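Report on one structure; see the data block that follows.
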Amino acid sequence: MLPFESFIKNRLSEKRFKHSVNVAKAARWLAFKYEANDSKAVIAGILHDLTKEWKTHDHLMFLQKYNIGVTKYEYGSKKLFHAITASIYAKAVLRITDLDILNAIRFHTTARPEMSKLEKIVYLADFISDDRSFSGVDRLRALASINLDDAVFAGLSYTIKELSDDNKVIHPNTINAYNEFVLTKERENSIKSKNDDLAKYISFKPFRESVRV
Ligand SMILES: [Fe+2]
Ligand SMILES: [Fe+2]
């Protein structure tokens, strides 16, 4: 049995409970694959949707109790509340003190720039868990087995496209995370092309020397 499994079983619908267990298992698989802490991945995965079935009123009361403000973007997309309240619940009620676990729960929906490896793992696990069946999930699973960053980037691109197609609010964290991946890729490509040029120059050098001789 996974940690907190019976705890969440008593608090979530059967469907949400199964999803949470699947996300925990996907997170554990990704943690093994990408050399992250698998115990933390399982805990963050199983708790990530802990408050997903609360009503808006419950979220607002809980946020008020802990004096947590929300932005207009969260108000504009109320399903974002659960990532915030679940991380506060994990800290305040379940006494989880590990900041990486709390952040992985907090940013599992929007992502954010400069995510830790654990945050990326939980974000991705929520996309590729066994219960997911959206079109494109097989490609994302394949990508997840090859490169963590590429798969997270594909998840961000998918989210931005879906939300913009539906004229829905896109949280700035999601856009900023997407931009960070694009800029990092551009930087990596620019370094790679400079290295390729350098390699060409180095391999060319003996020829020039031989001409001089
Ligand atoms: Fe969620
Ligand atoms: Fe989820």
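Yes or no, residue by residue, for (1) out of contact with any Asp or Glu (no Cβ under 9 Å at 6 or more places or on another chain); (2) modelled with pLDDT of 95 or more:
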{"site": "Asp49", "(1), (2)": "no, yes"}
{"site": "Lys55", "(1), (2)": "yes, yes"}
{"site": "Tyr73", "(1), (2)": "yes, no"}
{"site": "Ala83", "(1), (2)": "no, yes"}
{"site": "Lys91", "(1), (2)": "yes, yes"}
{"site": "His108", "(1), (2)": "no, yes"}
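Go through the stretch 25-44 and give me each residue that's surrounded by 23 or more Cβ atoms within 10 Å (Cβ to Cβ) and closer than 13 Å to Ile128 by Cβ.
Once the filter is applied, which keeps residues that are surrounded by 23 or more Cβ atoms within 10 Å (Cβ to Cβ) and closer than 13 Å to Ile128 by Cβ, the stretch 25-44 yields Ala26, Ala27, Leu30.
Condition check ((1) within 16 Å of ligand 1 (Cβ to nearest atom); (2) part of a helix (DSSP H, G or I); (3) touching an Asp or Glu at 6+ places or on another chain (Cβ under 8 Å)) across all residues:
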residue	(1), (2), (3)
Thr97	no, no, no
Ile105	yes, yes, no
Phe134	yes, no, no
Asp138	no, yes, no
Ile146	no, no, no
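Where in the stretch 1-50 are there helices (runs of 4 or more DSSP H), lying fully within it, with 3 or more residues that are within 16 Å of ligand 2 (Cβ to nearest atom) and touching a residue at least 60 places away in the same chain (Cβ under 8 Å)?
Where helices (runs of 4 or more DSSP H) fall fully within the stretch 1-50 and carry at least 3 residues being within 16 Å of ligand 2 (Cβ to nearest atom) and touching a residue at least 60 places away in the same chain (Cβ under 8 Å), they are 14-33, 38-47.
Could you list, in sequence order, the residues of the stretch 91-112 that are in contact with a His (Cβ under 9 Å, 6 or more places away or on another chain) and over 19 Å from Tyr158 (Cβ atoms)?
Ala104, Ile105
The values are calculated or read from the model by the stated rules, or taken from the named source; none is laboratory data. Given the structure is predicted, the values throughout are model-derived calculations rather than measurements. Note that we place each Cβ from the backbone using ideal geometry, even for glycine, and neighbour counts take in every protein chain shown.
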